[in-house]
Each structure stands twice: as structure tokens, then as C-alpha cells.
Amino acid sequence: MLIDDIGRDDLISALGTNWQCISDRVMGGVSEATLRHEVHAGKHCLHLTGDVQLENNGGFVQMALELDPGGGYLDARTFTGVGLTVSGNNERYAVHLRTADAVRPWQSYRAPFEASGEWHVVRLPFTRFVPHRLEAPLDLSRLRRLGVVAIGRAFHADLRLAAIELYR
């Protein structure tokens, strides 16, 4: 199931929801980020750049997407995981999923990946997503939000996303 092929330059996904650029500044941190549409090595993509800083209990920048235009949930029980076409700066990033059980801003289900300088496909099976600061198991019937995140250590984020999907 296609979530987005980054075919539009207005940051609206194939689902009809808006990509957002979010940093730890929403919690008092000092990390800075930008998100823009561009063409890189022949592919339309979202380009997230920024400096992740740990001061003031900060430490993240992300591109995030609500998964249902009506504010509800996406049922992903018939899928195996999340697939991304990415290129980056040889750093570690993560996909964060939020469900109805993730009621606090710091709660999510997380799976890391590496983003090399060449376009490549990353497949993250749902079994690799680990709960962060919550007890509930990942409920695939109630996915609310997806984030592609640079988090946890001070570094320069430089990540391009050309497609994202749920795969079987």
C-alpha cells in the first residue's frame, strides 16, 4: 500500500495528509530542521536536513505524516512492514510509529535503519518495531502517525525520502 511516492511538490502525501517538519523545539529543545521537496539523482523526494542537538533535553528532527485524512486510524494488519526508498549521509535514522496507545508525545514504536549515500530500499518488518516509553504491544489495527526521525545523538541530519509504503 503506497503511503507516498513524493509525486507532489506541496508536501501533501498520496494519502491526502500533509508532511510536517518537527523538531525538539516543540518541547524546548534547540535542534533545527528544514523539509523541502526536490529532485535528487532523478527521483522526486522529501529532503530533511538539520542539526540534532541535545541541549535542553532535546535530540530529534523528523518528517512526520498522519496516516488518515479524517484523523482516524490506518489498519495495517494485512501488511508485513514499512518500506522506504532513501538516501542519506551514512547515518542511523529511525521510523517511529504512533498508535492509539501512544498518548504522550515521547511514546512510539521504533525501528532503526542506515541511510547510505545511494538510493536504496529499506524494509522494516513490524516485528522490528520496539515500544519506547510505553507498555502496550504494537497494535497494527490502529496506526495513527508515521515519522522518519533523526534522534538520540548530536549530528547533522541529511536524509532524502523518495517513497514510503506498507508491504506484504
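FYI, it's all coordinate maths here, none of it is from the lab. Please read these numbers as outputs of a predicted model, since none were measured by experiment. Reconstructed Cβ throughout: ideal geometry from the backbone, glycine too, with neighbour counts over all protein chains shown.
Can you tell me the FRET efficiency between Tyr167 and Asp101 if r is taken as the Cβ-Cβ distance and R0 is 25 Å, rounded to the nearest 0.05? Computed FRET efficiency for Tyr167 and Asp101 comes out at 0.60. Sketch the reach of a paramagnetic label on Ala41 as a point 7 Å from Cα along Cα-to-Cβ, and name the residues of region 126-168 whose backbone nitrogen lies under 15 Å away. Counting only backbone N, you get 158-163.
Dipole magnitude for region 74-159: computed about the Cα centre from +1 point charges on Lys and Arg Cβ and -1 point charges on Asp and Glu Cβ, it is near 280 debye.
The ranking of Thr34, Thr17, Thr78 by Cβ neighbour count inside 10 Å, starting from the fewest, reads Thr78, Thr34, Thr17. Rg and Dmax, both from the Cα atoms of the chain and both in Å, are 14.8, 42. Near Ser87: Cβ cut-off under 12 Å, other residues only, Lys/Arg at +1 and Asp/Glu at -1. The net charge is -3.
Placing +1 on the Cβ of every Lys and Arg and -1 on the Cβ of every Asp and Glu, with nothing else charged, gives the chain a dipole about its Cα centre of roughly 440 debye.
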